[in-house]
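Asker: Have a look at the structure that comes next, please.
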Amino acid sequence: MRHYSDELEADLMEFFQVDLRDLWRGRLTFRQLGVYIKSLLKKQGRSTLLMALDPSAEWSHEAYLGARISDGTELANFLFLKANSPDSNDLEPPKPLPRPGQPEEEAAIPEHDFASGEEVTNFFAQMGGL
């Protein structure tokens, strides 16, 4: 409660029309507060308290299902094109939709293509001939 008091206060007001300050005014008991908090922890995709505790709770279960359906459809289309298209060698597989709470893939650092010793020698030979 100490670390997420703003989120808790906002959720209590939004969902239950209860002011957190009522706890100190004697209009709200700790038991009632516990019941409200348990209820808030079941409101995935809607509760700011739950989102603060678990970033993956930003999406509802329905949003996760929608993302899985979208990823599956894109993969099915990719596999269909890969199997039925003669120019499918340059197709890249689709990337899944990013989910909240999961680390984003960092862009791969390209490896440097260094010149061989022979290429360096030819370069300096050409430079010396100028």
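The values are calculated or read from the model by the stated rules, or taken from the named source; none is laboratory data. All of these numbers come straight from a predicted model, not from anything done at the bench. Cβ: placed from backbone, ideal geometry, glycine included. Neighbour counts: every protein chain shown. Note: accessible area is taken over every heavy atom of the protein model, side chains too, but ligands, DNA and RNA are not part of it. Shrake-Rupley method; radii C 1.70, N 1.55, O 1.52, S 1.80 Å.
Asker: What do the square roots of 5 times the Cα gyration tensor eigenvalues come to for the chain, in whole Å, largest first, as semi-axes of the equivalent ellipsoid?
Answerer: With the √(5λ) rule applied to the chain, the semi-axes are 57, 25, 8 Å.
Asker: Ok, one more. Would you mind computing, in nm to one decimal, how far apart the modelled labels at Ile37 and Gln102 are, each placed 7 Å from Cα along Cα→Cβ?
Answerer: Simple spin-label model gives 3.1 nm for this pair.
Asker: With the contact rule set at Cα under 8 Å and sequence spacing of 6 or more, what percent relative contact order holds for the chain?
Answerer: Contact order relative to length: 16 percent.
Asker: What distance in nm lies between label points placed 7 Å from Cα along the C-beta direction at Leu75 and Thr29?
Answerer: Label at Leu75, label at Thr29, 5.1 nm between them.
Asker: Tally up the carbon and sulfur contribution to the accessible surface of the stretch 1-92 as a whole percent, 1.4 Å probe, everything protein left in place.
Answerer: Solvent-exposed carbon and sulfur of the stretch 1-92 make up 54 percent of the total.
Asker: Show me the helices of the chain, taken as full DSSP H stretches, that run 30 Å or more along their long axis by Cα and average -0.5 or above in Kyte-Doolittle hydropathy.
Answerer: Membrane-span-like by this rule: 61-84.
Asker: Let me ask something else. With every protein chain present, what is the per residue accessible area of the chain (1.4 Å probe, Å²)?
Answerer: Per residue, the chain has an accessible area of 82 Å².
Asker: The chain: longest stretch without exposed GluC sites (Glu not before Pro) (DSSP loop, at most 12 other Cβ within 10 Å), sites themselves excluded?
Answerer: The longest such stretch corresponds to 1-103.
Asker: Between Glu92 and Ser60, what is the label-to-label distance in nm when each label sits 7 Å out along the Cα-to-Cβ direction?
Answerer: 3.4 nm
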